[in-house]
Amino acid sequence: MKMKSAPIAVLALAILAAIMITPIHSATSYSYSVYGRTDKSSYIPGDSGILYLTIKNAGSGSFTVRNVTIDYPWKAFIIDHWEGNFTTTGINQPVGTPGGTWNTQYSFTVPADGRAYYGSTIMIMVGTDITTGNQAGIYTASSPIVIALAAYQPFNLATSILPIISIVLIAAAVVMLALVYMGIRKQSKK
């Protein structure tokens, strides 16, 4: 009986070893990046622009983009509503794996009422269907936006004296020409 149980024990150990060596389905990892950029290097108040948004899947599991919230740096409560931010809901755009991307763009206008300022950032929040691990399904990123500063030339002697000298020289030339003209007219009458 010992001989009959030995092959069965070896076979059982071989099956157990094969099960332990074979990898069990690896845990799906969710990782994605959000990239935002503007269509111009800088804006002045009143300019219109486009914010380009790319969401790239860097994990092994696919996910769905549900909503996008954009907060521009000039966000403010004006009279009875908020201006400078918006949320797009109901997107439901799947992003495949690995390396899948989703691209979109949003138009904006820089306000001319003093709310836009130099050295600002646009906040981008992307809501997904990912609710596992340490991600709660919301990814926050930012994109820089440059608002041009007003450049005023101060009034100083160098900037004001040159136009004054030019006007004085032109006036002196006109006076000299008038004197020469009057002198020529008097000589021809004699």
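Taken along the Cα-to-beta-carbon direction at a fixed 7 Å, the label points for Ala14 and Tyr35 span 5.2 nm. Once the gyration tensor of the Cα atoms in segment 35-153 is diagonalised, the equivalent ellipsoid follows with semi-axes of 31, 16, 11 Å, ordered largest first.
Rounded to the nearest 0.05, what FRET efficiency is calculated for Asn85 and Ser160 with R0 set to 30 Å and r the Cβ-Cβ distance? Please list the in-between numbers first.
Working: r = 46 Å, r/R0 = 1.53.
With R0 = 30 Å, the Cβ-Cβ based efficiency is 0.05.
3J(HN,Hα) along segment 170-182, derived from phi through the Karplus expression 6.51 cos²θ - 1.76 cosθ + 1.60 where θ = phi - 60°, amounts to 5, 5, 5, 5, 5, 4, 4, 5, 5, 5, 5, 4, 5 Hz, with x in place of Gly and Pro. Residue ranking by accessible heavy-atom surface, 1.4 Å probe, largest first, among Phe63, Phe86 comes out as Phe86, Phe63.
Here Ala172 and Ala112 are evaluated by their C-beta separation; at R0 = 45 Å the FRET efficiency comes out at 0.50. Taking label positions 7 Å along the Cα-Cβ direction at both Ser5 and Ala58, the computed distance is 5.7 nm, reported to one decimal. With the simple model of a label 7 Å out from the Cα in the direction of the Cβ, Asn67 to Ile184 spans 8.5 nm.
The values are calculated or read from the model by the stated rules, or taken from the named source; none is laboratory data. Computed from a predicted model, the values in this text were never measured in an experiment. No Cβ is skipped: glycine too gets one built from the backbone with ideal geometry, and neighbour counts run over all protein chains shown. These accessible areas exclude ligands, DNA and RNA; they are computed on the full protein's heavy atoms, side chains included. Shrake-Rupley method; radii C 1.70, N 1.55, O 1.52, S 1.80 Å.
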